[in-house]
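Right, one structure below, let's go through it.
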Amino acid sequence: MKLLTWTPIIFSRKGFPRDEEGKPFLPKNAFEEAITSAVIFHHLKKDKALAHRVKQYLTTSGLKLDEVAKTVKRMVLEKYPVMDELKLPERVYLPEDRIKEEFVEVFDLKEKVNVKGFRTEVFKGSVEVPIESPHLDKLKAAAHSFAEALARMEKDLLEDHPLALFFYEELLNELKRWEIPLRLGMWTEVHFKGDLLFFWKIKEVRDFIMKELGIDIRPRFVLYLPRERATSGWCELKTAEEV
């Protein structure tokens, strides 16, 4: 398949990892994390009994920050093992000439202000990504479910801010046409990223985790690229012959 970056990918504040020859790449886990977040959201949305089990866990005293995401992931993937047999390359190399250094703003969706910024490498372009899975159709459905919900959540938090209109309105229309939409790389600086997105509207869960761990489960802070007038990491995996 081919990876198309509709908005630039950021990997970290330090830029992209590089091999011993200095060639930049995206590691396998960047794709695995993006796909897993989609799978978790999609199956919690579909399976009310599973969602109830996870909710009970998330409102149990004694939660440990470094265990929450792992436990939720295990609970979902044990019942829906759609990540099994997924084959991805260990490294997806990026063309050096498509990597630029850009200023990135950390945008607070709730307060609708830029709270800080930094300069780092970004990648925008296309690159081959060999991917195999007997569950590709299921992963595609999960990817659409998650990406569209995440874009809608960010748009709703913005309310009548211009970014909601000039970027997210169009993005939501485009996402429906993408083959496998993914939110790749570093797109927020919130601890759980999108792993607990299903519960962000459930006040009981949100308040409990805030009280227990001192963390808002909503991806409230997103990375915004002023030159692109877009938030980061919106990508599509597309069958090569259709590109």
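Summary table
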| read-out | value |
| --- | --- |
| Cα convex hull volume per residue for the range 18-92 (Å³) | 99 |
| Exposure rule at most 11 other beta-carbon atoms within 10 Å, DSSP loop trypsin sites (Lys or Arg not before Pro): the chain longest free segment | 65-175 |
| Contact order normalised by residue count of the chain, Cα under 8 Å, 6+ apart, percent | 34 |
| Long-range amide H partners of residue 186 with built H, under 5 Å | 10, 11 |
| For the chain, calculated [θ]222 nm from helices alone, where every DSSP H run of n ≥ 4 adds -39500 (n - 2.57) | -11500 deg cm²/dmol |
| Unsatisfied cross-links (Cα-Cα over 18 Å) in the set 79/201; 28/87; 14/87; 2/70; 70/238 | 79/201; 14/87; 2/70; 70/238 |
| Filtered GluC sites (Glu not before Pro), the range 18-52: DSSP coil and at most 10 other beta carbons within 10 Å | 20, 21 |
| Loop GluC sites (Glu not before Pro), the range 156-221 (other Cβ atoms within 10 Å of the site Cβ: 15 or fewer; DSSP) | 159, 189 |
| Accessible area in square angstrom per residue, the chain, 1.4 angstrom probe | 49 |
| Mean Kyte hydropathy of -1.0 or more with a Cα span along the axis of at least 20 Å, helices from DSSP in the chain | 28-46, 65-79, 136-158 |
| Nitroxide proxy distance, nm - points 7 Å out along Cα→Cβ at residue 229 and residue 156 | 2.7 |
| ³J(HN,Hα) computed for each position of the range 161-174 - Karplus, 6.51 cos²θ - 1.76 cosθ + 1.60, integer Hz, glycine/proline x | 5, x, 4, 5, 7, 7, 10, 6, 4, 5, 4, 4, 5, 5 |
| The range 1-144 - percent relative contact order, Cα under 8 Å, separation 6 or more | 41 |
| Options (i) 0.97; (ii) 1.08; (iii) 0.95 - which one matches Rg/Rh (Cα atoms, Kirkwood Rh) as calculated here | (iii) |
| Cubic angstrom per residue, convex hull over Cα atoms of the range 192-243 | 114 |
| Contour minus Cα-Cα distance for residue 111 and residue 48 (0.36 nm per residue) | 19.4 nm |
| Fraction of accessible area attributable to carbon and sulfur, the chain (%, probe 1.4 Å) | 49 |
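The values are calculated or read from the model by the stated rules, or taken from the named source; none is laboratory data. These figures come from a predicted structure and were not determined experimentally. Because the Cβ atoms are built from the backbone with ideal geometry, glycine has one as well, and the counts that use them run over all protein chains shown. Please note that ligands, DNA and RNA were not included when accessible areas were found on the heavy atoms of the full protein model with its side chains. Shrake-Rupley method; radii C 1.70, N 1.55, O 1.52, S 1.80 Å.
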